[in-house]
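The values are calculated or read from the model by the stated rules, or taken from the named source; none is laboratory data. The shown structure was predicted, so the numbers you read here are calculated from the model rather than taken from an experiment. Using ideal geometry, Cβ is built from the backbone for each residue, glycine included, and neighbour counts are taken over all protein chains shown. Each accessible area value is taken on the protein alone, full model and side chains, heavy atoms only, with ligands, DNA and RNA left out. Shrake-Rupley method; radii C 1.70, N 1.55, O 1.52, S 1.80 Å.
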Amino acid sequence: SAIFKCAEEEATRHLVRQYDGLKPLVKLLQELKNKQLLAAATGAIWKCTLSPENVKALRELKAVELLVGLLTGQPEEVLVNVAGALSECAKEANNRVTLRKSGGIPPLIGLLTGTNQPLLINVTHAVGACALDAENMVIIDKQDGVRLLWSLLKSPNPQVVSSAAWAICPCIEKAKDAGELVRSFVGGLELIVGLLKSEDQEVLASVCAAIANIALDEENLAVITDHGVVPLLARLTVTIHDPLRKHLAEAIARCCAWGNNRESFGTHFAVAPIVYYLGSPDPLVHRATSRALNQLSRRAENCITMHQEGVVKVRIASALRSRSYCEGFGGHDS
């Protein structure tokens, strides 16, 4: 319990590993009868997994297999910790394979039907991390996991909504027929477009990321356009929140590929604010912004707006500030 509370700090997590504290913690995972001790042990392991070095050490101690065994028949206090630990472990490719081979994906999907908010947040993170592996995604799809994630977008809890939207992103990326999968959810596209009206920054960033993936399918892009995705994205361009800017710019770039969307972004005053994203210190914002400006510039009126906003001067200034900037304005879209 003390480790659980203290391991929020990186220095403490390092000390636990340095003084061989992980091994006894893993051993405690087998104390199935003492639920209080099990909750403390799983909580400590979860917090320790916040350090990648600990994740590697826990893999060598076969902790993932033991954690998977705790996904059923345990009180919610334990399940929250187990799901949290697995969500961190699953960021590593080897652990995603272990989790699959240990039979961990079906019970994780099963937990998506619960009502415990912290548990739902951790489970969605875990499922999203697992989905980065194509073989895992096959199981997630067969277990109806994507539909369950999509249903969580209706949650009144913004943390649940954002974690579900983030999890949906790799699911779309890795699904065999992502376009058809997304279309199979009745009202699903209207639901996710409607979330662009949220006031929560994390919800907006995650939904923009999901929309950027959805828009890769032409038929789905046409549908979300009909649902008013362009004015809703345009309304958000005044944000100064860099994580949102990155995913918003990416979504705008990809939504430009349909019909008159490039023109519509211009008429909804989205072009001028995006120019100033190039002043961000984050090179990932620069890349997404360059793709958006490249797409928008294929409409003459948008080019005029960019010129009026001094896009060339802003671009040069941002390039001088960041050598890691790797995609210039007007480069090839990717």
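Values for this structure:
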quantity	calculated
Furthest towards positive pole of dipole, Ser184, Leu111, Ser163, structure part region 91-203, Cβ charges	Leu111
C-alpha center-to-center spacing [region 238-315, region 192-235] in angstrom	16 Å
List Trp150, Trp46, Trp258, ordered by accessible area with a 1.4 Å probe, largest first	Trp258, Trp46, Trp150
Max mean-square fluctuation residue, GNM over the chain, Cα-Cα springs under 10 Å, options Gln308, Gln295, Gln30	Gln308
MRE, 222 nm, helices only [DSSP H, n ≥ 4, -39500 (n - 2.57), over the chain, to nearest 500]	-19500 deg cm²/dmol
The chain: equivalent-ellipsoid semi-axes (sqrt of 5 x gyration tensor eigenvalues, Cα, Å)	41, 23, 16
Label-point separation, Glu65 to Lys91 (7 Å along Cα→Cβ), nm	2.5 nm
At most 13 other Cβ within 10 Å, DSSP loop - trypsin sites (Lys or Arg not before Pro), region 20-79	Lys33, Lys62
Charged-residue dipole, Cβ positions (Lys, Arg, Asp, Glu), the chain about Cα centre, Debye nearest 20	580 debye
Global geometry of region 81-224, whether rounded, prolate or oblate, following the gyration tensor of its Cα atoms and the 1.5 cut on a/c	oblate
In order through region 260-265: 3J(HN,Hα) via Karplus (6.51 cos²θ - 1.76 cosθ + 1.60), integer Hz, x for Gly, Pro	9, 4, 4, 5, 5, 4
Share of carbon and sulfur in the accessible heavy-atom surface of the chain [1.4 Å probe, %]	54 percent
Cβ-placed point charges (K, R +1; D, E -1), dipole of region 1-147 about Cα centre in debye, nearest 20	260 debye
By accessible area with a 1.4 Å probe, ligands and nucleic acids excluded, highest first: order of Arg235, Arg183, Arg100	Arg235, Arg183, Arg100
Local electrostatic count at Glu190 - Lys and Arg +1, Asp and Glu -1, tallied over other residues with Cβ under 15 Å	+1
Unit charges at the beta carbon, dipole of the chain: most positive-side option, Val311, Leu148, Leu221	Val311
Residue order for His247, His286, His125 - accessible surface, 1.4 angstrom probe, largest first	His125, His247, His286
Furthest towards positive pole of dipole, Val68, Thr98, Val55, structure part region 53-98, Cβ charges	Thr98
For region 75-147 versus region 1-71, the gap between their alpha-carbon centres in whole angstrom	18 Å
Point-charge dipole on Cβ atoms (K/R +1, D/E -1) for region 171-297, about Cα centre, debye to 20	300 debye
Sparse-neighbour loop sites [GluC sites (Glu not before Pro); region 24-116; at most 13 other C-beta within 10 Å; DSSP]	Glu31
Residue-normalised accessible area of the chain, given per residue in Å² at a 1.4 Å probe	46 Å²
